[in-house]
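The values are calculated or read from the model by the stated rules, or taken from the named source; none is laboratory data. All values reported here derive from a predicted model rather than from experimental measurement. Virtual Cβ from ideal backbone geometry, glycine too; neighbours counted across all protein chains shown. Quick note on the areas: whole protein, heavy atoms, side chains included, nothing else; ligands and nucleic acids left out. Shrake-Rupley method; radii C 1.70, N 1.55, O 1.52, S 1.80 Å.
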Amino acid sequence: MLPAEVMMTEAIGPYSTATDMLAALRAKQISSLELTNLLLTRIEERDGPLNAIPVRTPDHAREAARNADAALAQGEWRALLGLPAFKDHRPTNDGPLAASVFAAGACLLGKTNISEALSDWQANSTIYGRTNNPWDLARTPGGSTGGGGAALAAGLTPLEIGSDIGGSIRVPAACCGVYGHRPSETAIPRAGGFPRADFPNPAGIMAVQGPLARSAVDLELLFDVIAGPVLGEDAGWRLALPPARHDRLRDFRVAVMPTPPWVRPSQDMQGKVDELAQYLGRQGARVTKAMPELDFDRYLRDYLCLLMVQMSVARSREQREARAKTLAVSQNFMFAALAPGLTLDAAGLIVLLKRREEARAAWRRFFQDFDVLVGPTTLDVAFPHQVGSFETRTLLVDDERVPYYSNIIYPMWAIFAGQPATAFPAGLSRQGLPLGLQAIGPYLEDRTPLRFAQLLEREWQAFQRPPGY
């Protein structure tokens, strides 16, 4: 933590950080019940146009808050004791992350909205409806953790947990102007992130769960609560992550991501990358345009293939084969690259995983010379709400129409190799909408990109409230 940022500087309100809320609870400047009621009132007043929180549990939250106040009165302390927060799904039993959050003393306020099957950069649900972005109701809050991103930006909750196999933590963070951390693939238990996924599955790679918050300091607070070994491995394994490599921006060796060969970010987005690079250079950091030594085309195709392997598990063989035939003839090479994942056999998967390990080795070599890799999180600001199939959707980036699926380009770099990546606000576009960047870090050195984002929060750009909130 950064000591200067854990000091309370103003009265506790809906936009206070989780760190400040917890400090006020511990100092008995506010009770958990008062804080819970404050946020419940805020939700009633503000969530209507957003639809970020379709399921609310006020009675449960107040009961948990009273229990937390009783524990605080007896001198008890846990990492999140008395803090109201949300979850992005409502299972019949608690997964490992939920159990860790509740054990740390958090009070569950309800359920935030997500996309169907966690598979879109929007939060549109046939059950709960569409979630809107507090910066512009006509735009997506990102997805799949769109309800969580919108709730954070609107001051409805201090902390959120999301999942990320296609950017579903970092994209909502970027669209809503908040922070999100995709953890190293094995740093946080992956079970419990999907319905009927209560037990660890070693084949379930790339998909992770991680924290979102309005402060990078709060990201690490929640990360520390939920990090640890998976069920079964906890009998002998303990997670002991190394400290951040540096505590000053001037000491970081920063690689800046060049423009990828398939698509260009908007001028506003690239402008923020350039602005940050110049700022870091003025602080004395070593800044170089660089990427790991990878076959970029092979890397993207392998990611898309493995993504489809993971996302099509619930489909029958007949359904997968039929879909593969359709995708294979697509004029969009990214859709065509998804097709092999629908029919990949066990031998092919083993060969693919071998190439993945070769890519992971390239990242290890890269981070011998650099501490973080900085680049965009998305192509541009939050896009207007989309309908129709993925194949027919497009995004307007400056004056160019690009395929909707192009938005996966920047999130996928960290996903395929299991690297940690912290999304952070980079200020506003010329339209007055949030732009988000990310810092990819070395595997199991999550504290390095987290600390980098914390320093930028203190010294460069931080969370801004949406107008009217």
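Counting the residues of the stretch 53-81 that are within 23 Å of Gln209 (Cβ to Cβ) and either touching a Lys or Arg at 6+ places or on another chain (Cβ under 9 Å) or polar (S, T, N, Q) (or both) gives 6.
Taken over the stretch 46-61, the residue count meeting the criterion of being in a loop (DSSP other than H, G, I, E, B) and of a type in the set (A, V, I, L, M) is 3.
Of the residues making up the stretch 207-232, those that are over 22 Å from Gly436 (Cα atoms) and modelled with pLDDT of 90 or more number 6. Of Val309, Val217, Val225, which residue is among the hydrophobic types (A, V, I, L, M, F, W, C) and over 20 Å from the mean Cα position of the chain (by Cα)? Criteria check complete, one pass: Val309.
Looking across Ala70, Ala85, one residue alone is among the small types (Gly, Ala, Ser) and modelled with pLDDT under 95. It is Ala85. Among the candidates Val263, Val230, the residue that is in a loop (DSSP other than H, G, I, E, B), touching a residue at least 24 places away in the same chain (Cβ under 8 Å) and closer than 30 Å to Pro403 by Cα is uniquely Val263. The condition of being at pLDDT 95 or above and open to solvent by less than 30 Å² (accessible area, probe 1.4 Å) holds for only one of Pro376, Pro467, Pro384, that being Pro376. Could you list all residues from the stretch 11-43 that are closer than 20 Å to Ala213 by Cβ, part of a helix (DSSP H, G or I), free of Cβ contacts under 8 Å to residues at least 40 places away in the same chain and among the hydrophobic types (A, V, I, L, M, F, W, C)? Within the stretch 11-43, Ala23, Ala24, Leu38 qualify.
Residues checked against (1) among the hydroxyl-bearing types (Ser, Thr, Tyr); (2) open to solvent by less than 40 Å² (accessible area, probe 1.4 Å):
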| position | (1), (2) |
| --- | --- |
| Met291 | no, yes |
| Tyr303 | yes, yes |
| Met311 | no, no |
| Arg323 | no, no |
| Ile350 | no, no |
| Lys354 | no, no |
| Phe366 | no, yes |
| Asp371 | no, yes |
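Yes or no: Glu445 among the charged types (D, E, K, R) and part of a loop (DSSP other than H, G, I, E, B)? So Glu445 fits the description; yes.
Filtered by the rule that a residue be assigned to a loop (DSSP other than H, G, I, E, B) and under 23 Å from Pro14 (Cα atoms), the stretch 155-171 gives Gly155, Leu156, Thr157, Pro158, Ile169. With respect to being modelled with pLDDT of 90 or more, open to solvent by less than 40 Å² (accessible area, probe 1.4 Å) and more than 21 Å from Gly155 (Cα to Cα), Ala104 fits the description.
Note on the stretch 400-456: among residues that are acidic (Asp, Glu) and open to solvent by 10 Å² or more (accessible area, probe 1.4 Å), the one that is farthest from Leu306 (Cα to Cα) is Glu400.
Filter the stretch 111-154 down to the residues that are part of a helix (DSSP H, G or I) and either touching a His at 6+ places or on another chain (Cβ under 7 Å) or surrounded by fewer than 21 Cβ atoms within 10 Å (Cβ to Cβ) (or both) and list them by number. Give the derivation first.
Pass one, the stretch 111-154, residues part of a helix (DSSP H, G or I): 116-118, 146-153.
Result: Glu116, Ala117.
Scanning the stretch 316-341 for residues that are in contact (Cβ under 8 Å) with a residue 24 or more places away in the chain and closer than 19 Å to Asn201 by Cβ turns up just one, Gly341. In the set (1) modelled with pLDDT of 95 or more; (2) in contact with a strand residue (DSSP E or B) (Cβ under 8 Å, 6 or more places away or on another chain), the condition left unmet by Val55 is number (1). For the stretch 243-252, a residue qualifies if it is open to solvent by 50 Å² or more (accessible area, probe 1.4 Å), in a loop (DSSP other than H, G, I, E, B) and not basic (Lys, Arg), and the qualifying residues are Pro243, Asp247. If you check Leu395, Leu373, Leu437 for being free of Cβ contacts under 8 Å to residues at least 40 places away in the same chain and part of a strand (DSSP E or B), only one passes: Leu395.
For every residue, the table says whether it meets (1) in contact with a Ser or Thr (Cβ under 8 Å, 6 or more places away or on another chain); (2) assigned to a loop (DSSP other than H, G, I, E, B); (3) in contact (Cβ under 8 Å) with a residue 40 or more places away in the chain; (4) not β-branched (Val, Ile, Thr).
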site	(1), (2), (3), (4)
Cys175	yes, no, yes, yes
Ser184	no, yes, yes, yes
Pro200	no, yes, no, yes
Val225	yes, no, yes, no
Val254	yes, no, yes, no
Asp268	yes, no, yes, yes
Val273	no, no, yes, no
